[in-house]
1. 7 Å from Cα along Cα→Cβ at both Lys4 and Thr113: what's the point-to-point distance in nm?
2. Quick one: putting +1 on the C-beta of Lys and Arg, -1 on the C-beta of Asp and Glu, what dipole do you get for the chain around its Cα centre, in Debye to the nearest 20?
3. I want to check the label-to-label distance for Val105 and Ala131. Put each point 7 Å from Cα in the C-beta direction and report it in nm to one decimal.
4. 5 Å is the cut-off here: which amide hydrogens, built 1.01 Å from N in the peptide plane, fall below it relative to Leu154, excluding neighbours closer than 5 in sequence?
5. When the helices in the chain are scored as -39500 (n - 2.57) per DSSP H run of 4 or longer and the sum is shared across all residues, what 222 nm value do you end up with, to the nearest 500 deg cm²/dmol?
6. Taking 7 Å along the Cα-to-C-beta vector as the label spot, tell me the Thr165-Ala147 distance in nanometres, rounded to one decimal.
7. Where the centroid of each part is defined by its Cα atoms, how far is the range 115-175 from the range 35-113 in Å?
8. List every residue whose amide H lies under 5 Å from the amide H of Ala91, counting only residues 5 or more places away in sequence or on a different chain, with H placed 1.01 Å from N in the peptide plane.
Amino acid sequence: MALKPFLLTMLDQATELCHRLAAHGLVVASDGNASIRTGSGFYITRTRSEFENLTVDDWRWMPVVGAPTTGVSSEWRMHQVIFHQLPQVGAIVHCHPPYATSFAVRGEALDGTLLTETADFGKIAVAAFAAPGSGALAKAVIDDLGATGSACLLQQHGALTIGQTFQEAVQRMERLERLAMVQWLVTAGFPAHQTHE
């Protein structure tokens, strides 16, 4: 069945934004996934899809409650639980941006207040390690996002952002990586002491 024009436009715009994430190096190969809420369900990227070459045909619909559609991302549980428990969320992006992921590997939270552009993030916690695609990971993410969070790190597994729109979720991922870069420079990138001649 052909997609309705508004759905086609929505998925086309989301696809272009996924291309942007790949172009910025925030995701490589098939290591990311994304989703957009539509009523009682949501569209999620298919399994092993690559953001760099994503097309509208790579999106799969599945319900907010119930069994997934065949071929969806292996991370579908995480997306489904967020949409089910946080009704204000309209879109989700999961990537492995290098700087943010380095903090996730170290188990170290990010401080959103370092930048005015990310002040509303507050403290970006690190969700406890759980196997990718598992229910335990979905629970860990929900516990860290709470009712008002907009981003979290996944220990040894990248980062996740949410938004009311897909564009907002993508922009938050971009800002999250810039924040991680700045925090690294501020806390680890500068020598402990410099002598000026």
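1. Distance between the two pseudo-spin positions: 4.5 nm.
2. The calculation lands at about 520 debye.
3. 2.3 nm
4. The list, which skips near neighbours in sequence, is Ala127, Ala159, Leu160.
5. Result for the chain, helices only: -11000 deg cm²/dmol.
6. 2.6 nm
7. 11 Å
8. Amide H neighbours of Ala91, under 5 Å, 5+ apart: Arg37, Gly163.
Read the figures in this text as sums done on the coordinates, not as results from a lab. Since the structure is predicted, the reported quantities are computational estimates derived from the model, not experimental observations. Because the Cβ atoms are built from the backbone with ideal geometry, glycine has one as well, and the counts that use them run over all protein chains shown.
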